[in-house]
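Just so it is clear, none of the values below were taken in a lab; they were calculated from the coordinates. Owing to the predicted nature of the structure, the values given are computational and were not obtained by experimental measurement. Virtual Cβ from ideal backbone geometry, glycine too; neighbours counted across all protein chains shown.
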Amino acid sequence: MRSRLSLYGLTFSLPLLVWQLLFFVFPLVFLVALSFWTVKNFTMTPDFDTVNWVTMFSRGVFWQAYGTTFALATVAAALTSALAFPCAYAIAFKLSDTARRWAVFLMVIPFFTSYLVRVYSWQIFLSDAGIVNVMLGYVGLGPYGMLNTKGATLVGYLTLAFPLVVLLQLFSLAFIDRNLIEAAHNMRCGRMRTVFEVVIPSARVGLVIAALFAFILSFGDFVSPIYLGGGDPTTLSILITDTTKSGQQWPRAAVIALTMIATLLVVAFVAVRFAYAGRASKEVGK
Amino acid sequence: MERDTLVSFEGVVKRFGNFTAVQRMDFEIKKGEFLAIMGSSGCGKTTTLRMLAGLEAPTEGTIRLSGKPINHLPTWQRDTPMVWQSLALFPFLNVRENVEFALKMRGVGKAERRRRAEQWLDRMQISEFAERNIAQLSGGQRQRVALARSLVVEPEILLLDEPLSALDAALKVRMQAVLKTLQRETGITFVYVTHSQSEAFSMADRVVIMSRGVIEQIGTPQEIYRTPRTKFVADFLGSSNIFSGKVASVSEGAMEIDAPSGRMRLALPDTARRSRPVPGSTATVTVLDTRMGLSVARPADAVNVVPAKVIGEEFVGATATLYLETDHGQEIRVQMGHEALENLPVGIGQRLYAHWSPADGHLVAEV
């Protein structure tokens, strides 16, 4: 009976397992192998040489890009979480059931249009003669150089991550036991204080996971730093394309990509550990 | 208002949209008493408690705490700690932090907080679990944490919303004793909402019985048990036989009623004089199942006798409950000890005579 059940489960999970094996694990292994290949006369040859790792890790430009990318993604995760929280909180606690359904629907709508299109439309807003500067001109301000700055890159990251972060936060807030909030109020904990003392600790796992998603999306994003940030300062994603274009250096690009993957793995691990810290691993009956 | 009144409800009404949860409530809670509010689900008992806690605002009327109206005060400005049915312990804090929470919100210093929490952890015998997570505790231990968390601020009143409903029967009885002792020792006024008669009657000094947003009766458990005010209360408690009929005659100290099962006589106490029924009106009489007698032959000297046949029996400990049915389909419950039962043939279908003294009949109010 037991083995039949697991076979039944396997039937459904097998196609996905095969898919993951073919299109994720295999390319990843190939990427690792590729990072040890060598390039001579613009031609790649299979090899086992650590030269790409040594070259990349000893370059200032690599570490500069790494620092920039990590810092930008961290700021994006923090900023998105901070801006999304009041929004998710209002949807979870202040709206009627019908209004909440509409709000969730509105949060999903941005996913209907391509991220690239949304970033291009930001260019129209932020460019030197763009909508924002024209508006500011009417009140005698500006023009300000907004496009091709880190700020513009962050606007792009927000565009990318905001709706998803709001939804993830919303789902974790929606599952908070309302009695906990009432109990806090009942023990002299005012509205604002309850948010910090009860709501955030209760939704902690979801909030951390949401921030993690914002970090992951921003860390690997290529569109915002190039089209809104103007490619300067260079992020790791831009560095990858530059490296592949300059002299067929695919193995070196593989080194960057693998470093990014390793970084995300570490960040994800630390975030999940932090999210569940202090939680009992085992539960004793009710 | 009396001097020892702590809380008073004056014409309190609570409506949710078109639904009236509580209709015109007038009652008082005395300082230091253990008051149980009891009724089936949807009767408005929890709404009443939540209005007192400041978690719901009354639609009409005034609630006073120590004489001052508190309608407009949000819950965080009242001193009305509550123990939730789900207990609502904070899962992200350990036991000690849960108990310290209310003190922290009041700005009590760290050392003082710890000292006072320690006292209550000790008193509730949960000191050894102080550093544990809530998820690692058993049901009874959680109960104690919830009580310690509410009582640590040493309030004047404690509100409890069916806090024992998640416990198994044996633990329930143990916690009832803990609660009762705690209330007596601290002198804190307890307002305890429950649907369980055994909980209410075993712990409370006074019981409020509610039905459909209305108070049916307030009194000591004894009073309510012996003299239910309305037919609803008698029905709800389930320990009385209820006979309805037309009033045949009323005389000094006694009256007679014509019920389908025959004419019955009951003594009218002086207190009933003012609301003395008039002949021809409908009247309802209750007789406690412990006050009913049974015999094989029609007793010659008994005034109230109803023939009935046995339809079932039930044994709980030393007492037995017999269920009988009259020729008119009325059910009669009789409770007796095993010795009394030994001399009676009580096989299913056996015909017996149920009888009771006029002094044991109780006239309830017609509403």
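On a straight-distance basis, which lysines could pair with residue B:180 in a cross-link, Cα separation under 25 angstrom, same-chain partners fewer than 8 positions away excluded? Here the lysines satisfying the reach criterion relative to residue B:180 are A:286, B:30, B:31, B:45, B:172. Histogrammed with a bin width of 5 Å, the alpha carbon distances of segment A:139-217 distribute as 3, 14, 17, 14, 12, 11, 9, 8, 6, 4, 1 percent, first bin at zero.
Computed as a quarter of the hull surface, the mean projected area of the alpha carbon convex hull for chain B stands at 22.5 nm². Residue order for B:341, A:207, fewest other beta carbons within 10 angstrom first, comes to B:341, A:207. Entry note: segment B:169-232 has Rg to Rh equal to 0.99, where both radii use alpha-carbon atoms and Rh is the Kirkwood radius.
For the protein assembly as shown, the share of DSSP beta bridges that are antiparallel, to the nearest 5, is 80%. Note on segment B:231-364: Cα-Cα pairs beyond 26 Å make up 22% of the total pair count.
Simple rule: put +1 on each Lys or Arg Cβ and -1 on each Asp or Glu Cβ in chain B, find the dipole, and look at B:353, B:279, B:43; the Cα lying farthest toward the positive end is B:43.
Considering the dipole of the protein assembly as shown built from charges on the beta carbon (Lys and Arg +1, Asp and Glu -1) around the Cα centre, which of B:336, A:92, B:176 is farthest to its positive end? Checking the options against the dipole of the protein assembly as shown, the answer is A:92. Taking +1 at the Cβ of each Lys and Arg and -1 at the Cβ of each Asp and Glu, which of A:35, B:129, A:275 sits farthest along the dipole of the protein assembly as shown towards its positive end, judged by Cα position relative to the Cα centre? Result: A:35, furthest along the dipole toward the positive end.
Loop exposure criterion: GluC sites (Glu not before Pro), DSSP state outside H, G, I, E and B, at most 11 other Cβ atoms within 10 Å. Applied to chain B, the longest stretch between such sites is B:3-130.
Is there a quick way to get the dipole size of segment B:139-233? I mean about its Cα centre, with the Cβ of Lys and Arg at +1 and of Asp and Glu at -1; what is the value in debye to the nearest 20? If you can, show how the numbers build up before the last one.
Numbers: 12 positive and 10 negative charges, 45 e Å.
Rounded to the nearest 20 debye, it is 220 debye.
Of the chymotrypsin sites (Phe, Trp or Tyr not before Pro) found in segment A:156-200, those in coil by DSSP whose Cβ has at most 13 other Cβ atoms within 10 Å are A:175. Summary of the geometry: segment A:183-218 and segment B:93-118, compared by the centres of their Cα atoms, lie 21 Å apart.
Calculated [222 nm] ellipticity per residue, helices only, for chain A: -22500 deg cm²/dmol; basis is -39500 (n - 2.57) per DSSP H run with n ≥ 4, divided by all residues, nearest 500.
Based on Cβ point charges of +1 for Lys and Arg and -1 for Asp and Glu, what charge dipole magnitude is obtained for chain B about its Cα centre, in debye rounded to the nearest 20? Mind dumping the intermediate values first?
On the way: 44 positive and 42 negative charges, 224 e Å.
So the dipole magnitude of chain B works out to roughly 1080 debye.
With neighbours defined as other Cβ atoms within 10 Å of a residue's Cβ, the residues B:76, A:19 order from fewest to most as A:19, B:76.
In this simple spin-label model, placing a label point 7 Å from the Cα along the Cα-to-Cβ direction at both residue B:111 and residue A:262 gives a separation of 5.1 nm. Kirkwood's formula applied to the C-alpha pairs of segment A:171-256 gives a hydrodynamic radius of 16.4 angstrom.
Could you tell me which of rounded, prolate or oblate describes the protein assembly as shown, using a ≥ b ≥ c as the square roots of the eigenvalues of the alpha-carbon gyration tensor, with rounded for a/c under 1.5 and, failing that, prolate when a/b is larger than b/c and oblate otherwise?
On the way: a/c = 3.06, a/b = 2.49, b/c = 1.23.
Taking the square roots of the gyration eigenvalues as a ≥ b ≥ c, the protein assembly as shown is prolate.
Run through segment B:263-367 and list the trypsin sites (Lys or Arg not before Pro) located in a DSSP loop whose Cβ has at most 14 other Cβ atoms within 10 Å. Please list the in-between numbers first.
Numbers: sites: B:263, B:265, B:273, B:274, B:291, B:309, B:333, B:351; in loops: B:273, B:274.
The qualifying sites are B:273, B:274.
Annotation: lysines with alpha-carbon distance below 28 angstrom to residue A:245 (same-chain offsets under eight excluded): A:40, A:150.
Classify chain A as rounded, prolate or oblate, taking a ≥ b ≥ c as the square roots of the eigenvalues of its Cα gyration tensor: rounded when a/c is under 1.5, otherwise prolate if a/b is larger than b/c and oblate if not. The shape class here is oblate.
In peptide A:169-182, how many Cβ atoms from other protein chains are near each Cβ within 10 Å, on average? Don't jump to the answer; show the numbers that get you there.
Working: counts 0, 0, 0, 0, 0, 0, 0, 0, 6, 2, 9, 7, 1, 8.
Counting other chains' Cβ atoms within 10 Å and averaging over A:169-182 gives 2.
Note on chain B: with a GNM built from Cα contacts shorter than 10 Å, the maximum mean-square fluctuation among B:26, B:168, B:205 falls on B:168.
Of all lysines in the structure, the ones whose alpha carbon falls short of 25 Å from that of residue A:94, not counting any fewer than 8 places away in one chain, are B:14.
Taking other C-beta atoms within 10 Å as the exposure proxy, A:139, A:32 rank A:139, A:32 from fewest upward.
Computed over chain B with a Gaussian network model linking Cα atoms closer than 10 Å, the most mobile of B:343, B:241, B:94 is B:343. In this simple spin-label approximation, residue A:19 and residue A:54 carry label points 7 Å from Cα along the Cα→Cβ vector, and these lie 4.3 nm apart. Note on residue A:171/residue B:251: beta-carbon distance plugged into 1/(1 + (r/R0)^6) with R0 of 60 Å gives a FRET efficiency of 0.25. Dipole check for the protein assembly as shown: with +1 at the C-beta of Lys and Arg, -1 at the C-beta of Asp and Glu, and the Cα centre as origin, the magnitude is about 1200 Debye.
Using the Cβ-Cβ distance between residue B:178 and residue A:63 with R0 set to 45 Å, the FRET efficiency from 1/(1 + (r/R0)^6) comes to roughly 0.10. Structure remark: mean-square fluctuation, Gaussian network model of chain A, C-alpha springs under 10 Å; the largest value among A:11, A:74, A:50 belongs to A:11. Estimated from the Cβ-Cβ distance and a Förster radius of 41 angstrom, the FRET efficiency linking residue A:11 and residue A:205 is about 0.80.
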